[in-house]
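The values are calculated or read from the model by the stated rules, or taken from the named source; none is laboratory data. Worth saying up front: this structure is predicted, and the values here are computed from it rather than measured. Ideal geometry is used to build each Cβ from the backbone, glycine not excepted, and the neighbour counts take in all protein chains shown. Note: accessible area is taken over every heavy atom of the protein model, side chains too, but ligands, DNA and RNA are not part of it. Shrake-Rupley method; radii C 1.70, N 1.55, O 1.52, S 1.80 Å.
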Amino acid sequence: MTLETLLAPKFIVLYLFIASAVYVHYRGRVRHGFMRQLTDHSSLMAPYNTLMYMFSAVPNRPYVDVSQFPELAPLKDNWQTIRDEALKLFDEGHIRAAATYNDLGFNSFFKTGWKRFYLKWYNEAPPSAKALCPKTVELVTSIPTVNAAMFALLPPGSRLGAHRDPFAGSLRYHLGLQTPNDDTCRIFIDGEPYHWRDGEGMLFDETYIHRAENRTDNPRIILFCDVERPMRGRVATAINRFAIRHVMPATAAANTAEDQVGVANRAFERLYTIRVVMKRLKARSRTTYYVLSYTAKLAPIAALLWLALR
């Protein structure tokens, strides 16, 4: 293979893809194992996310200074109003797991007890939120940089395993509403702990590996928001806003039957039948299950390599 061939545009694209995936893997102190990272969505999203990191107008660190986002102050100033609506929803059983397999982004969280109620998701507020918690919806929709918001519940004794969120075009805001106010109810972001407190807000980069646990006997309820990452330059800002407006709405999920479900989640619900079959296979033969599972996960990477080498 000649140098000219190795420097062909298709190989340059392949090199950039590999380099960005390696960068994502080594970004931060906490990392996934090799096979987990190889098949993780963060590797597939690495080129886009690396672009976001390169042109980020805020430092690329696990925790971000929330004072740099003064537009979020009304949420903290009205945390008790937000809390009252959240507690009413909690008492009525509206903060819950998805009724079906139509919430791709958080499907694995439901298995360990995590629950949610959407207030907004990269689009308008769902009808159920407007009807059940109008004051909170008015607050979150009045802030243009808040692209998504929900109430998130972490029940007593539950936990969330270590993971990265896939989209670096946003930052994650947590506002404590009803928390145990205890150091054993906490989140670790790139290994650094934060302990939720009532009325206290914090901001972090959710594309660093993070995990959470509630080792108390009391539930933790927070306001959970995706906030647009500020970018340096018009081009990077335009690229990110295009993804926010035209790609992320496809991942919308529903609180109730009246709410609209995005196309990605509708597809996921249909494809989950394959997952059910795979679970049955795993019960019969774990070896066959893992061979097929890793083959399916590695298929997109293999396809990219094949296209580059043909």
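Odds and ends about this structure:
- A cut-off of 5 Å between modelled amide H atoms, ignoring neighbours fewer than 5 places along the same chain, links TRP121 with ALA149.
- For the range 176-243, the alpha-carbon radius of gyration amounts to 1.40 times the rule-of-thumb value 2.2 N^0.38 Å expected for a compact globular protein.
- Net charge of neighbours whose Cβ lies under 12 Å from the Cβ of ASN78, counting Lys and Arg as +1 and Asp and Glu as -1: -1
- Per atom type, the chain shows carbon and sulfur on 60% of its accessible surface, probed at 1.4 Å.
- The charge dipole of the chain, taken about the Cα centre with unit charges on the Cβ atoms of Lys, Arg (+1) and Asp, Glu (-1), comes to about 1360 debye, rounded to the nearest 20.
- log₁₀ of I(q)/I(0) at q = 0.13, 0.21, 0.23, 0.24 Å⁻¹ - the range 12-118, Debye sum with one point per alpha carbon: -0.82, -1.11, -1.15, -1.17
- Candidate aspartates and glutamates for bridging to LYS282, where Cα separation is under 14 Å - those fewer than 8 sequence places away on the same chain excluded: none
- Charge dipole of the chain about the Cα centre (unit charges at C-beta), most positive-ward option of ALA73, ASN218, VAL261: VAL261
- Net charge contributed by nearby residues that have their C-beta within less than 12 Å of SER42 (K/R +1, D/E -1): +1
- Computed over the chain, the P(r) curve from all C-alpha pair distances, binned at 20 Å from the origin, holds 30, 58, 12, 0 percent per bin.
- Accessible area of ASP91 in the full protein assembly, 1.4 Å probe (Å², nearest 10): 120 Å²
- Qualifying trypsin sites (Lys or Arg not before Pro) in the range 5-97, DSSP loop, other Cβ atoms within 10 Å at most 10: none
- Measuring gaps between exposed loop sites in the chain (GluC sites (Glu not before Pro); DSSP loop; at most 12 other Cβ atoms within 10 Å), the longest gap, sites not included, is 93-257.
- Gaussian network model of the chain, springs between alpha carbon atoms under 10 Å - residue of HIS246, HIS195, HIS174 with greatest fluctuation: HIS246
- Every Cα-Cα pair of the range 186-283 was included, and the share exceeding 24 Å stands at 53 percent.
- Comparing ASP40, ASP226, ASP65 in a Gaussian network model of the chain where C-alpha atoms under 10 Å apart are linked, the largest mean-square fluctuation is found at ASP65.
- Among TYR122, TYR194, TYR26, residue whose mean-square fluctuation peaks in a GNM of the chain (springs only between Cα atoms under 10 Å): TYR26
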